[in-house]
Structure formats: C-alpha cells, structure tokens
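Visitor: Encoded as structure tokens, here's the structure I'll be asking about.
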Amino acid sequence: MCDEVMLEVKNLAYSYDGVKKIFTNIDFELHKGEVLVILGANGAGKSTLLDCISNMLTPTTGEILLKGKNIAKYAINDVAKLMGYVPQISTPTFSYTVRDYIVMGRAPHMGILNVPGPAEYDKVDEVMKDMWISGLADKIYANISGGERQQAQIARILVQETDIILLDEPTNHLDYGNQLKIIQIISKLARNRGLTVVLTSHIPDHAIMIDEKVGIMDNLGHMTVGPVKEVISEESLKELYHTDLHLVYIDELKRIACVAGKLNDENRK
Amino acid sequence: MINLESSSKSIPIDKPKPQISAVWHAHKIIYFSIFLFIAAFLISLSIGRFNVPLIQVVKILISQVVPTGMEVTWTEQMQNVIINIRLPRLVGASLVGGALALSGATYQGLFKNPLVSPDLLGVSNGACVGAAIAILLGFPSLVIQGCALLTGLLAVLISTSIPKFFKNNSSLMLVLGGVIVSGFMSSLLGITKYVADPDNQLAAIVYWTMGSFATTNMNQVLLVMPAILSVMVVLLLMRWRINLLSLGDKEARSLGVNIRKTRGLAIFCATILTACAVCLCGTIGWVGLIIPHFGRLIIGHDNRYLLPISTIIGAVFMIVVDTIARNLTGSEIPLSIITGLLGAPLFVWLLARQKVRIS
C-alpha cells in the first residue's frame, strides 16, 4: 500500500440552518488503495457526510483535504478529475443508451462546448469490456435492472479516471448476488487499481468482507473509524442496530460473519 | 488490463462498436431533414396567389447570389414577388420556427420535463405587454418589436429573480416564478386591451398576439437574424452539456459541471431565441412544445441529435404553417390559429405513440 494520503477529513461537522446537528467531530484519513465502509442506521447522516466530502454541501466546520489541498480551493472541474461520486440509484427521466450514459464520465476532461468523439467512446468500450458488461452498450439505461445500472454507474466513474470514488449505498435495492458482485468489484478496484473508496452500506458483512477500514456512525452524529477488527464487535453492532446480533467465525472462509439472533421480541432492546 | 469480473456467471456479449450504426442512423435523419427543409423552402417560395414555377424560383435565387450572365427567363413581377415579398417571410418563418423549437427542446432538457414550452418563464406574455403598450401609444412597428423584446426579457429577469429572492435554487421555484410572472403579465395585457380603442388598436393588439409574418420585411429579419443565429450556434455547441444537466444536479456537479453557470447560460440563450422570435412575428404557440416531441420520436432523447433535429423540423413546420396562412383564404390567417389547429391533434398522436404516462 502506498503512503500517499488521498483523502483527509478533519474535525468535520454539519448542521442544517446552523441548528439541527447531523454529525460532529468526524476525523479520518485514507491512503491510496484504502476502502472505508460507513455503517449507520437510517437517517444517521451517512448521505449528508458523503455530500460534504463530495463538495455538494459546505460543512459547518472542519475541512476536507484532497491530496493535501483543501477541497474548497479546487475548481469544480478539478474536483471531478480527482473524485467521482455515485449517488443512490435513480431512474432518469430521459432515456440514453448505457454507452451514452457511461461516456458522460469523460465530461471533466472535456471543454464546455465539446461533444464526446471516438477517443472518448474507445475509453468507454475498454472499461465496459473490463467489467464484462459490453452486452449492455446499446440497451436503454432506464430499462436495465438495478444490478446492471449500478455496474453502469461504476463504469462511468472508471471512465472519469479519478483517484477517489464515493458510493452512496451502492448495494441498495439489489438482490443478494448482485450485492456481492458490487462489493467484489469495489474491493478489486481498490486492490488492483489503487483507487481510494468510500462507500456507505447497511450490511456489516460488506465491511467484513472488504476487510479494510470501517466507520460506525451513531445517532448522535459521532463516527468511530478504524480497521474492521478493532471497530466491529458484537457490542458495537448491537448498539448501532438496536437488535441482537452475533459475530460468528467461519473456519472455511477464515473470517467472521454477522448473524442475526432469534426473532424474539425479548431480544429487542 | 485488469479484469474486474472473476466469476463466469455473467454472460458477456461483446459487440464490436455497436454505436456506429446508431450514430449513422441519427446523421442520416439529420441530413434528410436538411434536404426536407431546402425542398419546403423552395416549394413554399413558388406557391402563392401568384404562382412562380419552381425552376424559375431557383434561377432567380441563383441570379441574386451569383450575378452571372444567366439568361433572364422570368418577369420583373416574378422577381419582385420572390425576392421582396416571399423570401423575407420565409427566412423569418425558418428562423422563428427553428428558434422556438430549439428553445423548447432546451427547456425540456433543462427542466427534465417533456411538457415544458419556451413560454415557461413568461417571455411571451411579457413581450405581448410591451407590444400592446407600444401599439396603444401609436409607435411604428420597429419600436413595437423593440418594446416586445425588452418586456419579454424583463419578464424572464423577474421570473429568474424569484428563486434568488427566496434563496431557493430548485427548478420548481423557477417554474413557479414563471407561473407568477406569466399570470401577472397576462393581466397587464388584459388592461391594455380594456383601455384600447376598439376600432383599430384592440384589433392590432389581438392580431399581434396571434402571430403573423404579413408585414415582415427583410430589414426586420436582418435585424434579428444575427442574434438568433449566434445564440443557436452556442446552444447547439453546448448540446451535450444539456445531457449532463438532465442527469440531475448532484450527478452533473460530480462530473464537474458548474450547474448555476451552465443552466444560466442555456436559459439565457433559449430565452433570447424565444424573445427574438416573438418580437419578429408576435406570439406563436405549440411549436416549442410539440416539435421537440416529434424530434424525440424520430431520433431519441439524446440532446446531441435532438437539438439539431428540432431546429430543422421547427423551421420546416413554420414554413408549412406560413404557407397555409397566406394561401388558404383570401386574407392572412394568424399563425397561432394554424399552429393550434395542427398542433393539438399532432400532440395527441405523439403522446399516443410515445405512450407517455402522465399521472
């Protein structure tokens, strides 16, 4: 792993209208090739945190450094060359083909009055081939399945050629097989291409499988960040999800797995 | 190259360069529509109460551009009708049709709503008020056009200021701003009609608000032509950026798009187009709404092709409408009547074809 710090978040806080606090004192740094999985209950502020990191919202206090430079000092286009962002799956109003959707990732590298040409499309074809999704090229983006759409969104980020990628609940609305496929792709992107990744998820196993950094965001807006082994424990998960959870070691896989307890009302705290 | 997919579960179908045929298909449609435009332009030049054979029309046009020693096979009257009467109207109609359709397609792309028309921000109603006041004060036609342009732009300026006033940058706030200003302007127009002299001023105002090229001359056309053409070029060049904006604010921004500036520039250009069109011939409904729909039906949603095709088809549509307006009856029929009569059934047919679900 390279020592270069790609993303540094210092003492970050955000509150709506300066009154309603969403989160406070968030600190972490990510090196090249590191993955941070953020776990948190519904409404804990995970998406707001990603919005701040991706420069959509201005934090109330604290700062975000991209490659050591404050994000506020970058032009919007230069942020887009360094950091890509995949929001939660949405259905577009107008239908483009998957290939035309993915080529939009080249926008930060092009002038305002340019349209994508063969060079841009070659890049798209290359990425689609790498991800084994060339078959989707001519399909309409609005008509493909959730899993395929998520892969197309990741392909768009790869075409964008950024060092950092942020994904807001990339496994949301996906079946179990597709969830694992996306987690596998993300893990490989970090390991093989050295991308720095921040993603949010509702499934503790995703963090355990990726086995890098994890951040647990509680309802008071604090986030504990650290390696999976240090941060994920039965106590921390029970506290987070307010339900009975067990961590079981699976010998075959050489890792722990998160398993729910009995479906008894007594187990609920 | 790193293979991202290790399992063999997904079955890849690797088609080499699948897009080429689609791009070529779009280009073919655009080339064909350009041909259609030229044909409609020439045929419309030849049709009228005084018919001029098509071959003579072509010869007269060539003789104007290249003053060669071509044998004069046409009468003085033919040349006068073609060059001084029909040509200005048709150039005007092409510019207005193209401008309204391009403006509508841009607005529909920007607001991610296929039911939006160029009047969204109140430009047409604003222009009507300016023109009506100028007619009341008995100004000449050039001043009427100038007033229409100014008040049209003023209306949009007020509409776009409303979201700023509430410090809310959402598209919905902008649309509501347009509704407020349009309603207000239409009341002001009502006042001007109420106080107008019913014998000639009222008729002039009503006739103006229904659109016509009857009094259009080449000087008027040449006055707005540079503005319309240059703004058209800017919008057509930024057509892919409108694709990016239609992804939604968050995604567009994450792709490095400066939303406020890009959307502002596109709205400014689309507004200038509508305002110029309105000041040349009065208000014309339907074109900006239905032509982009028609374009989407034949070429798809991609603004890279939709904006050019809408411009050309808009011009063709306006040529047809104007030809009907000056030939159907002994007197000129206002354009909005024909665009409405043609547009409404056409829109029903388009909605049926597109199977648009409107809840």
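The values are calculated or read from the model by the stated rules, or taken from the named source; none is laboratory data. Quick caveat, the model's predicted, so the values are computed rather than measured. When we count neighbours, we look across all protein chains shown, and the Cβ atoms used for this are built from the backbone with ideal geometry, even at glycine. With ligands, DNA and RNA removed, areas are computed over all heavy atoms of the protein, side chains included. Shrake-Rupley method; radii C 1.70, N 1.55, O 1.52, S 1.80 Å.
Visitor: Does residue A:36 count as at pLDDT below 95 and aliphatic (A, V, I, L, M)?
Guide: So residue A:36 fails the test.
Visitor: Against the conditions (1) crowded, with 24+ Cβ neighbours inside 10 Å; (2) more than 9 Å from chain B (Cβ to nearest Cβ), where does residue A:160 fall short? Just the number, please.
Guide: Condition not satisfied by residue A:160: (2).
Visitor: To continue, here is another question. Could you list, in sequence order, the residues of the stretch A:123-139 that are in contact (Cβ under 8 Å) with a residue 40 or more places away in the chain, closer than 13 Å to residue A:100 by Cα and within 9 Å of chain B (Cβ to nearest Cβ)?
Guide: A:137, A:138
Visitor: Which condition from (1) assigned to a loop (DSSP other than H, G, I, E, B); (2) within 11 Å of chain B (Cβ to nearest Cβ); (3) of a type outside the set (Lys, Arg) is the one that residue A:173 breaks?
Guide: Evaluating residue A:173 over (1) assigned to a loop (DSSP other than H, G, I, E, B); (2) within 11 Å of chain B (Cβ to nearest Cβ); (3) of a type outside the set (Lys, Arg) leaves (2) as the failure.
Visitor: I need the full set of residues from the stretch A:208-231 which are open to solvent by 10 Å² or more (accessible area, probe 1.4 Å) and touching a Pro at 6+ places or on another chain (Cβ under 8 Å), in order please.
Guide: Of everything in the stretch A:208-231, those that are open to solvent by 10 Å² or more (accessible area, probe 1.4 Å) and touching a Pro at 6+ places or on another chain (Cβ under 8 Å) turn out to be A:212, A:213.
Visitor: Just to check your reading of the model, which residue among A:174, A:136, A:158 is of a type outside the set (Asp, Glu) and under 19 Å from residue A:39 (Cβ atoms)?
Guide: Going through A:174, A:136, A:158 in turn, just one is of a type outside the set (Asp, Glu) and under 19 Å from residue A:39 (Cβ atoms): A:174.
Visitor: Could you tell me which residue of the stretch A:83-126 is modelled with the lowest pLDDT, considering only residues that are open to solvent by 10 Å² or more (accessible area, probe 1.4 Å) and of a type in the set (Val, Ile, Thr)?
Guide: Ranking the qualifying residues of the stretch A:83-126, first place goes to A:93.
Here's the yes/no breakdown for (1) at pLDDT below 95; (2) away from every other protein chain (no Cβ under 14 Å); (3) open to solvent by 30 Å² or more (accessible area, probe 1.4 Å):
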site	(1), (2), (3)
B:215	yes, yes, yes
B:233	no, no, yes
B:253	yes, no, yes
B:262	yes, no, no
B:282	yes, yes, no
B:288	yes, yes, no
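Visitor: Right, something else. I need a count of the residues in the stretch B:232-263 that are without any contact (Cβ under 8 Å) to a residue 60 or more places away in the chain, farther than 20 Å from residue A:162 by Cβ and in a helix (DSSP H, G or I). Steps first, please.
Guide: In the first step, residues of the stretch B:232-263 are kept if they are without any contact (Cβ under 8 Å) to a residue 60 or more places away in the chain; the result is B:233-234, B:237-238, B:241, B:244, B:247, B:249-259, B:261-262.
This time we only want the ones that are farther than 20 Å from residue A:162 by Cβ, so: B:233-234, B:237-238, B:261-262.
Those left that are additionally in a helix (DSSP H, G or I): B:233-234, B:237, B:261-262.
Of the residues in that region, 5 qualify.
Visitor: Also: Is the stretch A:190-207 home to any residue that is basic (Lys, Arg) and either more than 11 Å from chain B (Cβ to nearest Cβ) or open to solvent by 10 Å² or more (accessible area, probe 1.4 Å) (or both)? Give the steps one after another, and end with the answer.
Guide: Taking the stretch A:190-207 as the starting set, the residues that turn out to be basic (Lys, Arg) are A:191, A:193.
After this cut, where a residue has to be either more than 11 Å from chain B (Cβ to nearest Cβ) or open to solvent by 10 Å² or more (accessible area, probe 1.4 Å) (or both) as well, the list is A:191, A:193.
Yes, the stretch A:190-207 has at least one match.
Visitor: Over 25 Å from residue A:54 (Cβ atoms) and in a helix (DSSP H, G or I): does that describe residue B:293?
Guide: On the way: over 25 Å from residue A:54 (Cβ atoms): yes; in a helix (DSSP H, G or I): yes.
Yes; evaluated as a whole, the condition is true for this residue.
Visitor: Could I ask something else about it? Among all residue pairs at least 6 apart or on different chains, which show Cβ distances below 6 Å where the first residue, located in the stretch B:175-187, is of a type in the set (Val, Ile, Thr) and the second is part of a helix (DSSP H, G or I) and open to solvent by 40 Å² or more (accessible area, probe 1.4 Å)?
Guide: B:181/B:158
Visitor: Would you list the strands (runs of 3 or more DSSP E) that sit entirely within the stretch A:18-100 and hold 1 or more residues that are at the interface with chain B (Cβ under 10 Å from one of its Cβ atoms) and under 17 Å from the mean Cα position of the chain (by Cα)?
Guide: Those strands (runs of 3 or more DSSP E) span A:83-86.
Visitor: Here's a follow-up. Any chance you could count how many residues in the stretch A:250-264 are open to solvent by less than 100 Å² (accessible area, probe 1.4 Å), outside any strand (DSSP E or B) and within 16 Å of residue A:229 (Cα to Cα)? Give the steps one after another, and end with the answer.
Guide: First, the residues of the stretch A:250-264 that are open to solvent by less than 100 Å² (accessible area, probe 1.4 Å): A:250, A:253, A:255-261, A:264.
From what's left, outside any strand (DSSP E or B): A:253, A:261, A:264.
From the residues that got through so far, the ones that are within 16 Å of residue A:229 (Cα to Cα) too are A:253.
Residues in the stretch A:250-264 being open to solvent by less than 100 Å² (accessible area, probe 1.4 Å), outside any strand (DSSP E or B) and within 16 Å of residue A:229 (Cα to Cα): 1 in total.
Visitor: Which ones in the stretch B:67-99 are open to solvent by less than 10 Å² (accessible area, probe 1.4 Å) and either within 14 Å of chain A (Cβ to nearest Cβ) or under 23 Å from the mean Cα position of the chain (by Cα) (or both)?
Guide: B:88, B:90, B:92, B:93, B:96, B:97, B:98, B:99
Visitor: I'd like the full set of residues that are touching a residue at least 24 places away in the same chain (Cβ under 8 Å), polar (S, T, N, Q) and out of contact with any helix residue (DSSP H, G or I) (no Cβ under 6 Å at 6 or more places or on another chain), limited to the stretch B:81-119.
Guide: B:84, the sole residue that qualifies.
Visitor: Residue by residue through the stretch A:187-211, note down the ones that are assigned to a helix (DSSP H, G or I) and either within 20 Å of residue A:128 (Cα to Cα) or not aliphatic (A, V, I, L, M) (or both).
Guide: A:187, A:188, A:189, A:190, A:191, A:192, A:193, A:204, A:205, A:206
Visitor: Consider the stretch A:30-73. How many of its residues are out of contact with any Asp or Glu (no Cβ under 6 Å at 6 or more places or on another chain), open to solvent by 40 Å² or more (accessible area, probe 1.4 Å) and of a type in the set (D, E, K, R)?
Guide: 4
Visitor: Report, by residue number, each residue of the stretch B:200-231 that is under 17 Å from the mean Cα position of the chain (by Cα) and either assigned to a loop (DSSP other than H, G, I, E, B) or at positive phi (or both).
Guide: B:211, B:212, B:213
Visitor: Next up: Given the condition under 30 Å from residue A:177 (Cα atoms), exposed (fewer than 11 other Cβ atoms within 10 Å of the Cβ), within 14 Å of chain A (Cβ to nearest Cβ) and modelled with pLDDT under 80, answer yes or no: does some residue in the stretch B:11-33 qualify?
Guide: Scanning the stretch B:11-33, I find at least one residue that is under 30 Å from residue A:177 (Cα atoms), exposed (fewer than 11 other Cβ atoms within 10 Å of the Cβ), within 14 Å of chain A (Cβ to nearest Cβ) and modelled with pLDDT under 80, so the answer is yes.
Visitor: Identify all residues within the stretch B:190-200 that are open to solvent by less than 40 Å² (accessible area, probe 1.4 Å) and touching a helix residue (DSSP H, G or I) at 6+ places or on another chain (Cβ under 7 Å); write none if there are none.
Guide: Within the stretch B:190-200, B:192, B:196 meet the criteria.
Visitor: Kindly indicate whether residue A:117 is free of Cβ contacts under 8 Å to residues at least 12 places away in the same chain, closer than 23 Å to residue B:246 by Cα and either out of contact with any strand residue (DSSP E or B) (no Cβ under 7 Å at 6 or more places or on another chain) or facing chain B (nearest Cβ under 10 Å) (or both).
Guide: Numbers: free of Cβ contacts under 8 Å to residues at least 12 places away in the same chain: yes; closer than 23 Å to residue B:246 by Cα: yes; either out of contact with any strand residue (DSSP E or B) (no Cβ under 7 Å at 6 or more places or on another chain) or facing chain B (nearest Cβ under 10 Å) (or both): yes.
Here the answer is yes, as residue A:117 does meet what is asked.
Visitor: Can you name the residue in the stretch B:44-65 that is among the hydrophobic types (A, V, I, L, M, F, W, C) and open to solvent by less than 70 Å² (accessible area, probe 1.4 Å) and, of all such residues, is nearest to residue B:213 (Cα to Cα)?
Guide: The extreme case among them is B:45.
Visitor: What single numbered condition from (1) open to solvent by 40 Å² or more (accessible area, probe 1.4 Å); (2) facing another protein chain (nearest Cβ under 9 Å); (3) in contact with a helix residue (DSSP H, G or I) (Cβ under 8 Å, 6 or more places away or on another chain); (4) assigned to a helix (DSSP H, G or I) fails to hold for residue A:184?
Guide: Unmet condition: (3).
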